[in-house]
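Colleague: Let me give you the structure first, and then I'll get to my questions.
What follows is calculated from the coordinates using simple rules that are stated; it is not laboratory data. Quick caveat, the model's predicted, so the values are computed rather than measured. Cβ sites come from the backbone with ideal geometry, for glycine too, and all protein chains shown count toward neighbours.
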Amino acid sequence: HVAKPDRAHHCSKCEECTLRMDHHCMVLDVCIGYFNHKYFLNLLWYTSLTSMFMVFTQFDDVVELFSEDDFDRTETIIHTTVFCITLVFASL
């Protein structure tokens with residue numbers, strides 16, 4: 001039997017004790033705690049910045065595609081799909 005340190009919590013998914021455990025991240029499949037909290041916040045920050053950059057740079061192209069009278073349907077579908085995926089990631 002090993003003693004659990006103060007402010008440590010046992011994760012039932014990882015089957016490990018994590019110091020200052022915040023939550024179990026199902027995307028990364030790891031517990032977010034004392035040693036990786038900074039890296040997790042950086043991941044969220046840079047993912048958000050990248051997603052917003054993609055939305056701002058693609059928005060004019062998507063508006064232009066829908067405003068043109070003569071346009072290729074395949075190109076419109078591809079650009080719209082990429083734009084919608086970017087919006088989903090930006091909303092995270």
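Colleague: Net charge near Met54: determine it from the other residues with C-beta under 13 Å of the C-beta of Met54, scoring Lys and Arg +1 and Asp and Glu -1.
Modeller: Once positives and negatives cancel, what remains is -2.
Colleague: Another question, if that's okay. Relative to the present Cα-Cα distance, how much length would full extension add between Val88 and Glu16 at 0.36 nm per residue of separation?
Modeller: 22.7 nm
Colleague: Within the set of other residues whose C-beta is less than 9 Å from the C-beta of His10, count the net charge using Lys and Arg as +1 and Asp and Glu as -1.
Modeller: For residues surrounding His10, the net value is -1.
Colleague: OK, next. If we restrict to alpha carbons, what Rg and Dmax does segment 12-63 come to, in Å?
Modeller: 16.0, 50
Colleague: To the nearest 0.05, what FRET efficiency results for Lys38 and Asp60 with a Förster distance of 41 Å applied to their C-beta separation?
Modeller: After rounding to 0.05, the efficiency reads 0.70.
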